[in-house]
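Remarks on the structure that follows.
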Number of protein chains: 2
Amino acid sequence: MSLPPFRTPIKHCRNCGEAVAYRVPDDGDTRVRAVCPACDTIHYENPLNVVGTVPHWGDQVLLCKRNIEPRWGKWTLPAGFMELGESAAEGAARETDEEAGAKFEMGELLSVLSVPRVGQVHMYWLAKLLSDRFEPGTETIEARLFTEDEIPWDEIAFKTVYETLKCYFADRRAGRFAVHVIDIT
Amino acid sequence: MSLPPFRTPIKHCRNCGEAVAYRVPDDGDTRVRAVCPACDTIHYENPLNVVGTVPHWGDQVLLCKRNIEPRWGKWTLPAGFMELGESAAEGAARETDEEAGAKFEMGELLSVLSVPRVGQVHMYWLAKLLSDRFEPGTETIEARLFTEDEIPWDEIAFKTVYETLKCYFADRRAGRFAVHVIDIT
């Protein structure tokens, strides 16, 4: 998650530059949108997807210590905003490569977490590590493996990561992995 | 899916209205973005989520005949763009209510389909119908129940809907439902 803050307010029309007005469009919509009084462009803002992996190696998982805000210095799973032109799983693999420099094989989807408060959906895939050597990118201070007991639970950067790690270890103990759909309130 | 076309090109800055330039930002990003030469605002565009349900009633599923473009007159599952402030499942339930006016109980997640060509991720939940009476909204010409044999497979509006229906009936025959993760190329 490297991008600068999203969701600065829309003040001007993306099409013509005119100052927008906030109102419910006349097309049957029920929500307030930024509407251009000059060219009628309606500006929609919708949730963003954050995609990542749970890279595992034996009984350990890979966490990255964040070298960026928000949550600098806290531990996270490799993840970031999904980009246009890629599938969700491709984005998760790309972020794992960028943030941890890990060699891995993508596995199954493990978690889908909605975070309405910030307008995001987070999705995590299992990823089987093929090596325990990592080459973290500039967004990562340190990338290292943790057993369940070693995980710094009080130093996890995001609740979605915390919940996903809990699901991972519970499923691992149960001997079968499922997709966990969770709403974070 | 009622909204007008997304993704009209960004020509002007959302913050100050200046004409944007398309270039890779100087912050370590690797992708071309619309950047404002006046106030440095970077404009990100990311995939959108479409959320919906497979409403089922005995051995039948509910399809809606579209009264809107694209694919006017074709059959679809109730679905639409996820909005800010709701979870993915809440959005799926809202769309089912809006498009079909159905009474239902939300079930498990059934499919997650990435469509990189249009920058979308579609997610469908199972929804158990509590009545076979529907009150379709203005976006729907007709809402009716189909058995697997009756489904108008050649008249399905979107490939994501087609694939989701195939998964639904295959799982139903198998006697257990799973989450299907599919990339539509």
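Can you find even one residue in the range B:161-180 that is at pLDDT below 95 and at positive phi?
The answer is no, given that none of the residues of the range B:161-180 is at pLDDT below 95 and at positive phi.
Considering only the range A:100-139, state which residues are part of a helix (DSSP H, G or I) and open to solvent by 10 Å² or more (accessible area, probe 1.4 Å).
Passing the criteria: A:Pro116, A:Arg117, A:Val118.
Restricting attention to strands (runs of 3 or more DSSP E) lying wholly within the range A:1-81, give those where 2 or more residues are open to solvent by 50 Å² or more (accessible area, probe 1.4 Å) and farther than 30 Å from A:Lys159 by Cα.
A:21-23
Taking the stated definitions as given, is A:Glu142 among the charged types (D, E, K, R), in contact (Cβ under 8 Å) with a residue 24 or more places away in the chain, surrounded by fewer than 21 Cβ atoms within 10 Å (Cβ to Cβ) and within 14 Å of chain B (Cβ to nearest Cβ)?
Judged against the criteria, A:Glu142 is not a match.
When you check B:Gly91 against the structure, is it within 14 Å of another protein chain (Cβ to nearest Cβ) and either under 29 Å from A:Val115 (Cβ atoms) or open to solvent by 20 Å² or more (accessible area, probe 1.4 Å) (or both), yes or no?
yes
Failed condition for A:Ala170, given (1) under 18 Å from B:Val179 (Cβ atoms); (2) part of a strand (DSSP E or B); (3) over 14 Å from the mean Cα position of the chain (by Cα); (4) not charged (D, E, K, R), with all others met?
(2)
Identify all residues within the range A:97-131 that are among the aliphatic types (A, V, I, L, M), modelled with pLDDT of 95 or more and touching a Phe, Trp or Tyr at 6+ places or on another chain (Cβ under 7 Å); write none if there are none.
The answer is A:Met106, A:Leu109, A:Leu110, A:Leu126, A:Ala127, A:Leu129, A:Leu130.
Could you figure out which of (1) facing chain A (nearest Cβ under 9 Å); (2) touching an Asp or Glu at 6+ places or on another chain (Cβ under 7 Å); (3) within 24 Å of A:Glu108 (Cα to Cα); (4) not acidic (Asp, Glu) isn't true of B:Phe169?
Only one criterion in (1) facing chain A (nearest Cβ under 9 Å); (2) touching an Asp or Glu at 6+ places or on another chain (Cβ under 7 Å); (3) within 24 Å of A:Glu108 (Cα to Cα); (4) not acidic (Asp, Glu) is unmet by B:Phe169, namely (1).
For the range A:140-167, give me each residue that is in a helix (DSSP H, G or I) and among the aromatic types (Phe, Trp, Tyr).
The answer is A:Trp153, A:Tyr162.
The values are calculated or read from the model by the stated rules, or taken from the named source; none is laboratory data. Keep in mind that this is a model prediction, so the values were computed, not measured. All Cβ positions, even for glycine, are placed from backbone atoms using ideal geometry, and neighbour counts span all protein chains on display. Quick note on the areas: whole protein, heavy atoms, side chains included, nothing else; ligands and nucleic acids left out. Shrake-Rupley method; radii C 1.70, N 1.55, O 1.52, S 1.80 Å.
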